[in-house]
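Only the coordinates and a few stated rules stand behind these numbers; no lab work does. Fair warning: this is a prediction, and the values are worked out from it, not measured in the lab. Virtual Cβ from ideal backbone geometry, glycine too; neighbours counted across all protein chains shown.
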Amino acid sequence: MMRNVGIIGVGYTPIFVSKRKDVSIPEMISEAVDAGFRNTGLTPEDIDAVIFGNMQTFEGVNLPHLWAVEHIRALGKPVMRIATGGTTGMSAFHAGYYHVASGMADVVMVVTYEKHSEGDAQVGLMGIITPEVMTMLQAGIDVTGGSGMGAIGGGSAGGISFQAMSYLNHSGASIEHIDAMAAMERRNAAKNPYAHLKDPECTAEKIAETAMVSYPIRFGHICPTTDGSTVCILASEEKAAELADKVAWVWSVANCCSDATTGNLVDGMITDPAEQRPCMIAARQAYERAGIEDPKTEFDVIEIYNGFAHQTLMFLEKLGVCEVGEAHKLLEAGELEIEGRLPTNASGGVVSTNSIGTSALNRVTEAALQIMGKAEGGHQVPKDVHKALAHSWGGLMQYVAVTVLGDTPPRK
Amino acid sequence: MDGKVAIAGYNISPCSSNMVTSRERLLFDLTTGLFEELGIDRDAVDTFIIATNDFLDGRTISNVFLDPPIGAYMKDETKVEMDAVNAIAYGWMRILTGQYDTALIVSLGLCGHQISPYLHIDYTLDATYDRQLKLLNELSAAALQAGSYLGKYGYPAELLDEIAAKDLGNAALDPYQARRLDGISAEEVGKSRYLYEPLRELHCYPPTDGGCVMLLASEDRAGELTDKPVWILGMGRSIDKYYIGDRDLAVSPSTTQAAKVAYDMAGIKDPAGEVDLAEISSIFAHQEPLLAEALGLFEEGKAVDIYSSGDSAIDGRLPVNPSGGALGAHPICSTGLIRMAEAARQLRGEAEGNQVKKAGVAVAHGQDGMCAQQNAVVVLGI
Amino acid sequence: MEVSEEVFFTPTVPLDFTYNYRVGSHIGRYLEGFKEKKIMGVKCPKCGKVFVPPRMFCGPCNQKLEDFVELSQEGELRNYTVGHVNLVKGRLEDSDTPYVLGMIQLDGADSLFLTRVEGVPSDEVERGTRMKAVWKDQVEGDCADLDHFEPV
C-alpha cells in the first residue's frame, strides 16, 4: 500500500562556507534542524523518525548520528543512517520517503551535513580506492600501466576528465560551453543566500582564465568543499494537510548502480564514464513511476548534481530532458537560465556549493522550494512550477539517484 | 499494518577470527549460495540493501566494489551504514509500499584480522572531547556498564562467568560461530584475563570475520520462494542519549521502546509468556540479561536465578541466544542479521544441535554504538 | 570454495588520517574555564538538570542549553572500572599497572564525570568515596589540564 508523500519544509544552516570555525559538528547540524522547525512551525514531538546521512571519511567520525542525537532532537526515535557517497543526501531522502509511503511513519526529518574543513577532502575521496592502489603497490603491480592507471583514474579529477572529454566528443559541445555553464551557475549562486561560491558578474571568459587541471577540466569548473547542513521534512498527505501551507509532492524516486570500472581498461577498451547507463535506467524508472511521458517538455525546473560543470549539460541529455548534442544549444539560447524555458540549477548547483552529505539532498530541497515558491534571494523562477526533476550521482561515477516532484499529490 | 513481509531465505557465513577471503568473494559466495538454494538469480531481486561500515572496510563508500558480487549491477541499490537489522527495516518498508516484491539485505564485517579491531567505537566518540581525553573506549565503557548493572541488583561478578559459559557452550554447537569452546565451565571463564573489571576476555565478543545475507519477500512472492516463510510480525527501533555520564547504564530504554513498538505491531501483550526464544546481540556477557530485561523477557533483579536454574538454556523455559549469540562471533554490521537468521533457523526447525523445543515466535535484536546506545527489535513468527 | 592461504595475498594497508576538530561553543567555554581551573557545566531551564561537560542540548527536553554554571571541584564516586589493558589506536595492549577510571557526580551536577582516579590502590576503590579534582600545575585550556581525581 503506497501512500502519497509530500515535502513540507526545508532547513539550511544560515551559511554554506569553506570553514565554520565557530561550531562543532553537532552544533552546526543543529542549526539546520532549528531552521527546519522554524520554517514549518513544527516541534521535535511532531517528528516520528529521522534519517541521517553524510560522507563519514571527510570528518573521521563514525556513525555521527550517535554523537549528534541530542542535537538533532532524535532521542528515543527510530534513526536510520544512510551513507552512499555523493548520492547520500538523495538516498537518505529516499529512505525518508519509504518510511512515510509504507505507513511506518507520518512525519520524517532527513538530516544531512558535511564539515569538510575538519578533514582533508582528497583523503576522503582517495579512500574510495586506497585499498586497491595499496594492494597493487604491495603486490608489485605496475600502477602506471593500464589497470593501475584505470584505478587511480577512477578517483576524482582523473576519471572525470575522461568523462568530460567523452561528453564533448559525443555532443559536439566545446570547452567554452563548459565555461559558460559554470559561469551561469556561479551567477545563479549569487542569488541564493545558501550558496557558497557566488559571483554575480561571472562570465565564461573569467572561468576560461582559471588554471587547467586536467583537460578539459579547469579549476573554475570544479565544485568547492563547503561546511553546511541541510534538513528536509516529509509528511503523509493527511499530516501535510494539517501541518503545511505549501507542499512539494514526491511523484517518484528511483536509483541505479553499475560497477566501479567506469574509466578503467576492460578488454583493452576504456569503459566510458560518460555513457551513464545507470542514469538512463534510473530516469526511465522514475518517469514510469511518476507517469512522466515526455521528459523533454514536462519539467519546469531541473536540479542536477554537477560536481564538475560539464555534468549539468551531460546529465540533461542522459536524463532525456533533451537530445544528445542539444544541451549546449539550450545553454546558448538562454533556455537554462532562471528566467528561461528550462531553468537548470537555479540554486547554483553543486559546482557552487558542495558540503557533500547535503549536495544530493539540496537538489531535492531546491526543486521543492521552487515548487513551493519559497526560494530566497532572487533565484525563485518567475513562473508556476508544476513538475521538477532532481538528480544526483556518486561513487566512481556509477551511482545515480533521481527524484520527481510535483505541485499536486500524484495519486487520487 | 497492511500486508505481510517474510524472510524467504538467508545464508550465514561460517565466521572465524581470520577468514581467508576478500569482502567481494565473501558476499559473492553468500549471495550465490542463497540464490542456488532458492532456485533464483539476481533478476528475482528488486532491490539490494547493503549494511557495511566504511571505517571497518577501510574505504570510503564501502559499497562501491560490493555491488557486482551481490548481483546489483544495473539495479536498485542502497546502503544503510548500521547493524543490518536496520537494513532489514528499510527493505521491509520498501516491500510494504507494494512497489517491490523482494529485497536482498547483505552485510559483512571483517573485524577479525583488523589491525585495530576496537577502532569502530573509538571513531563514534565525541571528537572534541571523549576522543581527546582517551579514557573512554568500547571496552572501558562496557565495563562501566557491567559494573553499573551488577551493582544495581547486587549481582556477583561470577554471574558474568555463568552467562559466558552458557553462550560459549551453545556456540560450540553452532556451525556458524567463530569462538567455539566446547565444554567450557564458568570457572574457566573466570580465569580468563581481565580487560576492564569486571569484564574478562571471555565475557567480551571476539573480533570476528563474517557476513550474512537475507532475502525478504512480499506475501505472494514468499509463498513461491519457500514453503517455510518466516514472517516479520513487528519491528521497532530507538536510540538512547550519547553522553555516557547522563545514562543509567543498568537499563536500556531504547531497547524497551523499540520492543514496545515491535510487540504492539505483533499483537504481543505478555512477551515473557508469548515469546518462545530470543536472539540478542549482547556483545558483552552482562548485556544479555540487561537487554533481556529491557525486552520484557527476564524479570528485573532475577538474573542469578534465571541462569542458575537453566531457564535461558537451550532446553530452558525461554531460551536466550541458543546459537551462542555475539560472544561466539561479532562481525560488526552482520551481528543482528545473524541473530535474525539464527532465530529463523529455530522457527523453521532447522537449528539441529541448537534447536529449542518450542519455536513459534522469536525476538531478534541488533545494536549500534557504545553500550548499545541504539537498538532494533524484530518479532518473527512461523 | 576452498582457497589455500599460501596463494591468498593479504596486504596490510595502514591508513592514518589527520583531522582538526572545532570544539564549538560549549566545549570551547568548558576549556576556557580550565584556564582558570574551573569546571563549567550547563543547566537545562526545563528540567533543571546540570550536565558536565557542557553541551548544546538537553536530549529529553529538546531544549537548547545556554545557562553555564560553575561546578564544585568535589564529588562522590558513583561507578568505576579498573583497566588492565590500554587501547592504543584501537589495538589492545597490556597495561603495566592496573589503573582506575571513575565516574564522579560533582556536587551540583546531575550527570557523571569520567576521569582517572589515583591515590587509592586499584583493589581498594569503593563506590561512595568523596573525591576531589587534581589539576596540572600549568593549565592551558586543554582537556588534559584536569589530570585526575583523588580521595578527599
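Below are the figures for this structure:
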read-out	value
Whole-angstrom gap from region B:161-184 to region C:48-92, using each part's C-alpha centre	36 Å
Distance in nm between pseudo-label sites at C:D147 and B:D315 (7 Å out along the Cβ direction from Cα)	6.0 nm
Zone residues, region C:99-124, relative to C:R130, backbone N less than 15 Å from point 7 Å out along Cα-to-Cβ	C:105-108
Percent of Cα-Cα distances greater than 56 Å, calculated over the protein assembly as shown	9 percent
Neighbourhood net charge (9 Å Cβ-Cβ; Lys/Arg +1, Asp/Glu -1) for B:L108	-1
Filtered trypsin sites (Lys or Arg not before Pro), region A:19-103: DSSP coil and at most 15 other beta carbons within 10 Å	A:K19, A:K21
Size of electric dipole in region B:46-152: Cβ of Lys, Arg +1 and of Asp, Glu -1, about Cα centre, debye, nearest 20	260 debye
Inter-label distance, nm, simple model (7 Å from Cα along the C-beta direction), A:A211/C:K37	5.1 nm
Inter-chain Cβ neighbour average for residues B:43-53, partner chain, 10 Å	1
Candidate lysines - alpha carbon under 17 Å from B:K228, same-chain residues fewer than 8 apart omitted	B:K4, B:K358
Highest average packing first - A:295-302, B:46-53, Cβ atoms within 10 Å	B:46-53, A:295-302
Flagged links, alpha-carbon separation over 23 Å, of A:K198/C:K64; A:K318/A:K387; B:K134/C:K35; A:K198/A:K329; B:K166/B:K191; C:K38/C:K136	A:K198/C:K64; A:K198/A:K329
Inter-chain shielding of B:96-105 (mean C-beta neighbours from other protein chains, 10 Å cut-off)	3
Spatial separation of Cα centroids for region C:105-152 and region B:284-341, in angstrom	35 Å
Along principal axes, Cα extents of region B:200-246, largest first, whole Å	50, 28, 14
Percent antiparallel among DSSP beta bridges (both partners in chain B, rounded to 5)	75 percent
Karplus 3J(HN,Hα) series, Hz, for region B:172-180 with 6.51 cos²θ - 1.76 cosθ + 1.60 (x for Gly, Pro)	5, 8, 9, x, 9, 7, 8, 9, 10
Computed P(r) (all Cα pairs; region B:270-338; 5 Å bins; percent)	4, 18, 29, 28, 14, 7, 1
Residue-averaged 222 nm ellipticity for chain A, from DSSP H runs of 4+ at -39500 (n - 2.57), nearest 500	-10500 deg cm²/dmol
Neighbour net charge for B:L216 - beta-carbon separation under 12 angstrom, K R +1, D E -1	0
Where trypsin sites (Lys or Arg not before Pro) fall in DSSP loop in region C:57-152, at most 14 other Cβ within 10 Å	C:K89, C:R127, C:K136
DSSP loop trypsin sites (Lys or Arg not before Pro) with at most 12 other Cβ within 10 Å excluded, longest remaining stretch of chain B	B:1-190
Principal-axis tilt of helix A:277-290 within chain A, Cα atoms, nearest 10 degrees	20 degrees
Shielding by partners - mean other protein chain Cβ count within 10 Å, residues of A:279-287	1
Degrees between helix A:25-40 axis and first principal axis of chain A (Cα, 0 to 90, nearest 10)	50 degrees
Under 5 Å, built H, 5+ apart or other chain: amide partners of B:V5	B:I232
Computed over region B:1-137, the ratio Rg/Rh where both radii use C-alpha atoms and Rh is Kirkwood	1.02
Derived scalar couplings ³J(HN,Hα) [region B:370-379; Karplus, 6.51 cos²θ - 1.76 cosθ + 1.60; whole Hz; x for Gly, Pro]	4, 6, 6, 5, 10, 9, 10, 10, 10, 9
Sum of -39500 (n - 2.57) over DSSP H runs of 4+, divided by residues of chain B (222 nm, nearest 500)	-9500 deg cm²/dmol
Region A:107-118 - phi-based ³J(HN,Hα) in whole Hz, Karplus 6.51/-1.76/1.60, Gly and Pro as x	9, 10, 10, 9, 10, 9, 6, 8, 10, 4, 5, 8
Degrees between helix B:335-347 axis and first principal axis of chain B (Cα, 0 to 90, nearest 10)	80 degrees
Computed over region B:231-305, the ratio Rg/Rh where both radii use C-alpha atoms and Rh is Kirkwood	0.97
